[in-house]
Structures are given as C-alpha cells and as structure tokens.
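K.L.:
The following block contains the structure, expressed as structure tokens.
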Amino acid sequence: METNHFLNVNILDNTEITTTNNVFTLSSSKSSQPTLAKQILLDENMENCPACLNVLTIEKSTCSSCCQQFHDQCFLTDSNLCYACHDIIIQNSIYLHINIKMASVEFKELKSLIMGVDKKVNDFSQQLEKVEHNLTGMINEVKTDVNKLKTKYDESQLEITSLRRDFTELEQGVAGMD
Ligand SMILES: [Zn+2]
Ligand SMILES: [Zn+2]
C-alpha cells in the first residue's frame, strides 16, 4: 500500500504538520521552545494567563482577590494580587481617601455651624438676662410707685374721715342753733 500523500506545511516557527492517511502529526525542528503549533494545542487544553494571554507554566500564582492564576512575572507577588486587582484596590483606596476628606470637610462645616448656633444661643441668653434685669427693675419701680400711691390714699382717707367728722359737728351745731 503506497502511502505517499505527503503534505508539508511550513509554519512560521519551523513546525511541520505532516499528514499521512489523514493522520496528523506534529513535529518541530526546535525541541526546546514550544512551537506555535504546540502552543495552539496547549492553548486548547490548558489555562491561559489572564494578563498576557499566554499559556500558564508551572511558575504561576493565584490572586487573593479574583482567584485567577497568573504567571509569576505577570503577578505582584509582594501583595499577592494581580495587577488588575491591585489597581482596583489602589483606586478604591484613593476613592476612600477622597470620601474621608469630603466627610472631614463636611464635619468641619457642621462643627462651625453648631458653634455658630451655640454663639447665637449664648447671645440670646445674654439678651434675655438683660431683659429680665430691666424687667425686674421696672417691676420694682412700679411696686415703689404703688406703695407711694397707697400711702397717699391712706392719708387721703384719713383726711376725708376727719373732714366728714368736722362737717357732722358743724351740722349738729347748726341744728342746735335752730
Ligand atoms: Zn502572564
Ligand atoms: Zn486579581
């Protein structure tokens, strides 16, 4: 049986795809480095690094935030995070920092507002004390005046009684003359 249906395809990296009786085999002139064809096969069966999109090797790390696996060189081993998650955390911390700053400004404004209200209450309280003081003075003045009036009234009453007595005596005197 003659099987000379040879098909040689030379791909970029010197990998030869040969076909004999519809059976595909892959062979490479360079055995140390993964060839493009090998890479394609590996890509189908193995996971890729989400950062560089190349197939994952043994030297890989898992991100503590997104739980995806990355090449060690595509990973921040110090923080145990991938670059994307690290950026998100940095952004969130900046956002948080801005929020804290804004809250702090709001708190300062609120504090000055409260202090302003407190000063107004103090001023009002002082005014009220003044009014109270003035009012007490006025009440005392009125009381003194009332007492003076009462004394005068009593004196008048006495005068009237005395005058009435004099009049009665005068009347009786006139009646005796008749
Ligand atoms: Zn990678
Ligand atoms: Zn991550």
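K.L.:
Among 62, 161, which comes first, then next, by fewest other beta-carbon atoms within 10 Å?
P.N.:
Arranged by neighbour count, lowest to highest, 62, 161 become 161, 62.
K.L.:
Going by how many other beta carbons lie within 10 Å of each one, how would you line up 118, 78, fewest first?
P.N.:
The most exposed by this proxy come first: 78, 118.
K.L.:
Something else: How many nm separate the modelled label positions at residue 51 and residue 153, each set 7 Å beyond the Cα in the direction of the Cβ?
P.N.:
Label at residue 51, label at residue 153, 10.3 nm between them.
K.L.:
Number of Lys pairs in the stretch 92-178 with C-alpha atoms less than 21 angstrom apart, excluding same-chain neighbours closer than eight positions?
P.N.:
Number of lysine pairs found: 9.
K.L.:
In addition: With the Cα gyration tensor of the stretch 104-178 in hand, give its eigenvalues times 5 under a square root as the equivalent ellipsoid semi-axes, listed largest first in whole angstrom.
P.N.:
Over the Cα atoms of the stretch 104-178, the ellipsoid semi-axes are 71, 7, 4 Å.
K.L.:
Using a cut-off of 21 Å between alpha-carbon atoms, which lysines can reach residue 60, once sequence neighbours fewer than 8 places away in the same chain are excluded?
P.N.:
Within reach: 38.
K.L.:
Label-point separation (nm) for residue 64 and residue 36, each offset 7 Å from Cα along Cα-to-Cβ?
P.N.:
Going from the residue 64 label point to the residue 36 one covers 4.2 nm.
Read-outs: derived from the displayed coordinates by stated rules, not from any lab. Computed from a prediction, not measured in an experiment: that's the story for all the values here. With ideal geometry, Cβ positions are generated from the backbone for all residues, glycine too; neighbour counts draw on all protein chains shown.
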